[in-house]
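What follows is one structure encoded as structure tokens, with my remarks underneath.
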Amino acid sequence: MPATGGSLSAVHPEIRLQGISLLYEADGSTVLALDDLNCRFAAGKVTAIIGPSGCGKSTMLQITRGFMQASRGTLSFIGPDGLPMPRPARMATVWQSFNLFPWRTVEDNVAFGLEMAGMPAVERRARAREALRLVDLAGFEFKYPGQLSGGMRQRVGMARALVMDPDVLLLDEPFGALDAQTRLVLQEQLAAMVERTGKTVLLITHSIEEAVLLADTVYVLTARPGRVAAEVRIDLPKPRSVASTHDPRYAGYFEQIYGLLKSEVLRSMHGEAEAG
């Protein structure tokens, strides 16, 4: 997000997961959720994680965010100088659910984090309006969430993350609850916004189309325990839009990722049937 009268210099780190595994106890037995994950989320790029339901995609995001601790392995943030750095203070997450305060206006919802940080009212309102402009919601500052469509509420959630000027933006199925048409429009808008802001972005998604449209790199995970089945580099011109789906290479990437996923989804379904 561009400077809005008080943001710090941007440091968009590279994120490395090396040998990450996660075990937990359930019903008296030990479950291996993630197994020896090795991933690299490039600085200023979009990395998508896709895999069968229950493979540990959101768990990987929560480990990256610091909400969960891996059982084994190393999580590193690498600065522009190539040296390890502390976990970035400015990380923001956009979830599938909107999680907006219904009693606060759109502007006040977006400015909430800045208010909690003690930023003066004039500055936080200016930054909130800039964030709303980035997601094409200028003019809706004084509306309430109940007056907005689902797609608009999700854009408010995106603005609430962007207003904190994060170095790392984590997206956990951000458009999963929306209808297909709204999802396409917001995917286009997100692609343009990410291109403008240059954030390091981690996108968790079930959608192959979304992964190919938005990401520079796609990691395909196996069925549980989640392992990296493949790393696919997406070489399509940017900024991308729905028109990018007409590029023959788009279809090639889709088929490649679908081919990798199909056997893993079937394996996951077979495992669920046996468990049932």
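What follows draws every value from the coordinates through simple rules; no lab data is involved. Quick caveat: nothing in here was measured; it's all calculated off a predicted structure. Positions of Cβ are backbone-derived with ideal geometry, glycine not excepted, and every protein chain shown enters the neighbour counts.
Quick notes on this one:
- Taking Met152, Met164, Met116 in turn, the Gaussian network model of the chain (Cα-Cα springs below 10 Å) assigns the largest fluctuation to Met116.
- Residues with amide H under 5 Å from that of Leu221, placed H, sequence gap 5 or more: Ile50, Gly51, Ala229
- Residue-wise HN-Hα couplings along the stretch 25-30, as the Karplus relation 6.51 cos²θ - 1.76 cosθ + 1.60 with θ = phi - 60° gives them from phi, are 8, 8, 6, x, 10, 8 Hz; Gly and Pro carry x.
- The chain: most fluctuating residue of Thr222, Thr64, Thr182 per GNM, C-alpha cutoff 10 Å: Thr182
- Taking each DSSP H run with n ≥ 4 as -39500 (n - 2.57) and averaging over every residue of the chain yields -11000 deg cm²/dmol at 222 nm.
- Options Ser53, Phe112, Phe98, ranked by Cα towards positive dipole end of the stretch 42-147, top entry (Cβ charges): Ser53
- Calculated FRET value between Glu195 and Ala230, using beta carbons and R₀ = 35 Å, to 0.05: 0.90
- Rounded, prolate or oblate (a/c below 1.5 giving rounded, otherwise prolate when a/b exceeds b/c) for the stretch 131-236 by Cα gyration tensor: prolate
- Per-residue Karplus couplings for the stretch 158-169, computed as 6.51 cos²θ - 1.76 cosθ + 1.60 with θ equal to phi - 60°, are listed in order as 5, 4, 5, 6, 5, 5, 7, 6, x, 7, 10, 10 Hz, Gly and Pro entered as x.
- Karplus (6.51, -1.76, 1.60) ³J(HN,Hα), θ = phi - 60°, over the stretch 65-82, in Hz, Gly and Pro reported as x: 6, x, 7, 10, 10, 5, 6, 9, x, 10, 10, 10, 10, 10, x, x, 7, x
- Within the chain, longest stretch free of exposed trypsin sites (Lys or Arg not before Pro) [DSSP loop, at most 16 other beta carbons within 10 Å]: 144-276
- Cα-based shape type of the stretch 123-176, given that a ≥ b ≥ c are square roots of the gyration tensor eigenvalues and the cut on a/c is 1.5: oblate
- Gyration tensor verdict on the stretch 36-141 (Cα atoms; rounded if a/c is under 1.5, prolate if a/b is larger than b/c, oblate otherwise): prolate
- Calculated FRET value between Val122 and Met68, using beta carbons and R₀ = 45 Å, to 0.05: 0.75
- In this structure the amide hydrogen of Ile234, modeled in the peptide plane, comes within under 5 Å of the amide hydrogens of Thr217, Val218, none closer than 5 places in sequence on its chain.
- The stretch between Arg90 and Ser58, if pulled fully straight at 0.36 nm per residue, gains 9.6 nm over its current Cα-Cα span.
- Long-range HN-HN contacts of Thr200 with modeled amide H, under 5 Å: Gly44, Leu169
- Net length available on complete extension from Asn38 to Gln181 is 48.0 nm, with 0.36 nm assigned per residue and the Cα-Cα distance removed.
- Euclidean distance of C-alpha centroids, the stretch 61-112 and the stretch 40-60, integer Å: 14
- At an R0 of 35 angstrom, the distance between the Cβ atoms of Ser241 and Ala26 translates into a FRET efficiency of 0.20.
- With both labels modelled 7 Å from their Cα along Cα-to-Cβ, the Ser97 to Ala251 distance reads 4.1 nm.
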